[in-house]
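The values are calculated or read from the model by the stated rules, or taken from the named source; none is laboratory data. Note that this is a predicted model, so its numbers are computed, not measured. Virtual Cβ from ideal backbone geometry, glycine too; neighbours counted across all protein chains shown.
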Amino acid sequence: MNSDESAVRDVVSGAVWDEFCEALKQAGRQVLRPEAPADALDRAEGWRYLTRLLRIGLEMHLEFADADFPGFFLPSHETGKIGADNPDNAYLFAKINGRHEYVIRGTRGSVSYLSIGTQKGGYETNGKMEQTGFIDAKDLHLGPNGEFEIRVSAEKPASGDWLRIEADSNAVIVRQTFLDRKTEKPAQLTIARTGTDAQPAPLSAVRLQAGLRNAARFVDGTATLFANWAQSYLPHANQLPPADQALCQSVGGDPNIFYYHSYWQLAPDEALVIRLPRIPDCRFWNLQINNWWMESLDYRYHRIHLNKHSAQLAADGSCTIVLAHRDPQHAPTQTVNWLETAGHERGTMCLRWVGAHEQVHPVTTVVKHDQLHQTLAA
């Protein structure tokens, strides 16, 4: 029996569904790791995190998996989060085949930062998403209304904007970064394969089986990858050192970004003071607070991040950020930015400099809440 016949048999019998459910169970091991928090909130968010990864995995590997007929979908958003997802970002993702050619068309909008990259690999396979091509919107040739067209191919075209791919390229990822979502207009993009007039075929047993298998692998692989990251931050709790930049790039990081990642943990009467001595010349920066699972905390209802637009700076150009369970109630003469823990006692955090001419490292201090005024005044 060949693989196509085997897939038909398993789909008709229901074995494909049993296999899928059994594979999903493996991801639960990451929630139960010995170093992971075992309190009710973190555990509940861990199980919810797996359901969120499953939704993203099904979009990626079943609904939008056909590289002959690609479409952009949201791989991270308010209720689906991966690897310190940026609250200031709108992400788009499309599956491609590096042996084909594509065209991306769109309008630039007014969003502060826009980048488009191609990648190979995947969290469901080798745990990496390595870049194979990249274009910064500042280098695009725009029409009078901000329109653009990008050729996506292995060979550079004679003219026009070009996004490089390799034979192993399998995805396009778009990052749109907002200074202020209320006032900025996002870019609009579409993607299509070129050189074919074919129509999509009906869902086959082979595609269904492959999609479910890859979705389950995506859940387990993604949960494992970022559980390993969270564990690696434990030795420098409540500090914010530079991350391993090569590692960040290997899993899909933007090459214009310099990253800091760490772990935080605060008792009910403690606060974490994060001081940026100065803000370097950069296109964008932000700092965000995440849970243990490296999901940004719920920025719809809580102030859990600051950026170049929202942060208040002191007269000397420094920025003081206080992560605390309650409002520090600082004096009117002090310029202090409060970030909420949103009911959490621990989690991870991330700082980004985007296009910075230098990296200014933050300084962190844990203090008792009742000593905050004295610390901030000093």
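Within the range 273-323, the only residue that satisfies the criterion of being touching a Pro at 6+ places or on another chain (Cβ under 9 Å), among the aromatic types (Phe, Trp, Tyr) and surrounded by fewer than 20 Cβ atoms within 10 Å (Cβ to Cβ) is Tyr299. Elements of the type strands (runs of 3 or more DSSP E) sitting completely within the range 134-244 and holding at least 1 residues that are farther than 29 Å from Arg300 by Cβ and out of contact with any His (no Cβ under 6 Å at 6 or more places or on another chain): these cover 147-153, 161-164, 188-193. Taken over the range 2-13, the criterion of being farther than 16 Å from Ala216 by Cβ and either in a helix (DSSP H, G or I) or modelled with pLDDT of 95 or more (or both) is satisfied by Ser3, Asp4, Glu5, Ser6, Val8, Arg9, Val12, Ser13.
Looking at the structure I just gave you, is Ala314 more than 28 Å from Gly253 (Cβ to Cβ), out of contact with any strand residue (DSSP E or B) (no Cβ under 8 Å at 6 or more places or on another chain) and at pLDDT below 95? Taking the combined requirement at face value, the residue does not satisfy it.
Pairs under 7 Å by beta carbon, first residue closer than 30 Å to Thr348 by Cα and part of a strand (DSSP E or B) in the range 63-84, partner among the small types (Gly, Ala, Ser) and modelled with pLDDT of 95 or more, six or more apart or different chains? Listed pairs, sorted by first residue: none to list.
All conditions but one from (1) modelled with pLDDT of 95 or more; (2) in a loop (DSSP other than H, G, I, E, B); (3) touching a strand residue (DSSP E or B) at 6+ places or on another chain (Cβ under 8 Å) apply to His309; the one that does not is (3).
Annotation note: of Ser153, Ser159, Ser204, Ser110, the sole residue that is surrounded by fewer than 20 Cβ atoms within 10 Å (Cβ to Cβ), more than 25 Å from Gly83 (Cα to Cα) and in the same structural domain as Leu58 (by TED's automatic domain parsing) is Ser204.
Checking each residue in the range 19-34 for being closer than 17 Å to Asn214 by Cβ and part of a helix (DSSP H, G or I) picks out Glu19, Phe20, Cys21, Glu22, Ala23, Leu24, Lys25. With the structure loaded, tell me whether Thr125 is in the same structural domain as Lys185 (by TED's automatic domain parsing) and surrounded by fewer than 21 Cβ atoms within 10 Å (Cβ to Cβ) or whether it fails that test. Yes; evaluated as a whole, the condition is true for this residue. Looking across the range 4-37 at every residue that is aliphatic (A, V, I, L, M) and loosely packed, with under 12 Cβ neighbours inside 10 Å, the one that is farthest from His344 (Cα to Cα) is identified as Val12. Residues of the range 109-127 that are of a type in the set (D, E, K, R) and either within 18 Å of Asn256 (Cα to Cα) or modelled with pLDDT of 95 or more (or both): Lys120 alone. Within 30 Å of Trp293 (Cα to Cα) and touching an Asp or Glu at 6+ places or on another chain (Cβ under 7 Å): does that describe Thr224? For Thr224, the condition - within 30 Å of Trp293 (Cα to Cα) and touching an Asp or Glu at 6+ places or on another chain (Cβ under 7 Å) - is not met.
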